[in-house]
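S.K.: Please find one structure pasted underneath; my questions will follow.
Where a number appears in this text, it was derived from the coordinates with a stated rule and is not lab data. Everything numeric in this text was worked out from a predicted model, so none of it was measured. Every residue, glycine as well, gets a Cβ built from its backbone with ideal geometry; the counts of neighbours run over all protein chains shown.
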Amino acid sequence: MGVDLKSLFVDHSRELDTFLRRRVDDPGAAADLAQEAFLRLARMPAKAELDNPRKFLFTIAANLARDHIRRLVTRRRWMAQDDDGVDVACSGPLADAAMIADEDQRALRDAIEALPARTRAIFLMFHVENRSYREIGAALGVSTRTVEYHLRQAVLQCRQHVRAAERSNEK
C-alpha cells in the first residue's frame, strides 16, 4: 500500500482532531469528520502513491469540514425560513431526537463503564483528558503500542455494546 495509515494515524490523529475542532466548533462532529478523512484515505487504491500523505489527509479533512458547515448553514436557513408567515421552526432538537440522543449517550456511557479497567483508563485519558499515546504510556508504564491496542479494543467493545443495546431497544 502506498500510505502507511497506522503511522499516519498515530502521528497526526490528535493534530487532525484539533484542526477540525477549530473549524466546526463541535467536538463530536470533528471526531466524525476525522474518522471519515481517515476512511477516505484508506479507501484509496493500494497503488496510489502520495508525495505528502499528511497534507492530503488534511486537505480531505478541510473539504469535509467545509461541506459539513455548508450543510449546517443550509439546514439552519431552511429551518428558519418563514414562507407563509405562520411558524418558524425551532432551532433546538425535536423532542424525539433529544430522547434518542439521551439514549445514545446512556448506551455509550454504559459501554465505557463495561470496559476492562485498564482499557477504560486509557480510553478516558485519550478521549477526555486529551493525552497523547506517549503521555498515557508514560503515566501507566506501558508502550505506545499497548496504548494503541487498548484504544482499538475500547472502540470495538463500545461499538458492540451500543449495537447490542440498539438491538434490545428495537425488540
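S.K.: Restricting to segment 100-137, what's the tally of residues that are touching a Lys or Arg at 6+ places or on another chain (Cβ under 7 Å) and either without any contact (Cβ under 8 Å) to a residue 12 or more places away in the chain or not in a helix (DSSP H, G or I) (or both)?
M.R.: Number of matching residues: 1.
S.K.: I'd like to know if segment 27-34 contains one or more residues that are closer than 25 Å to residue 131 by Cβ, surrounded by 15 or more Cβ atoms within 10 Å (Cβ to Cβ) and of a type in the set (D, E, K, R).
M.R.: yes
S.K.: May I ask you to verify whether residue 143 is among the small types (Gly, Ala, Ser) and within 20 Å of residue 17 (Cα to Cα)?
M.R.: no
S.K.: Tally up the residues in segment 139-169 that are of a type in the set (Gly, Ala, Ser), surrounded by 13 or more Cβ atoms within 10 Å (Cβ to Cβ) and more than 17 Å from the chain's Cα centre (by Cα), please.
M.R.: The number of residues fulfilling the criteria is 2.
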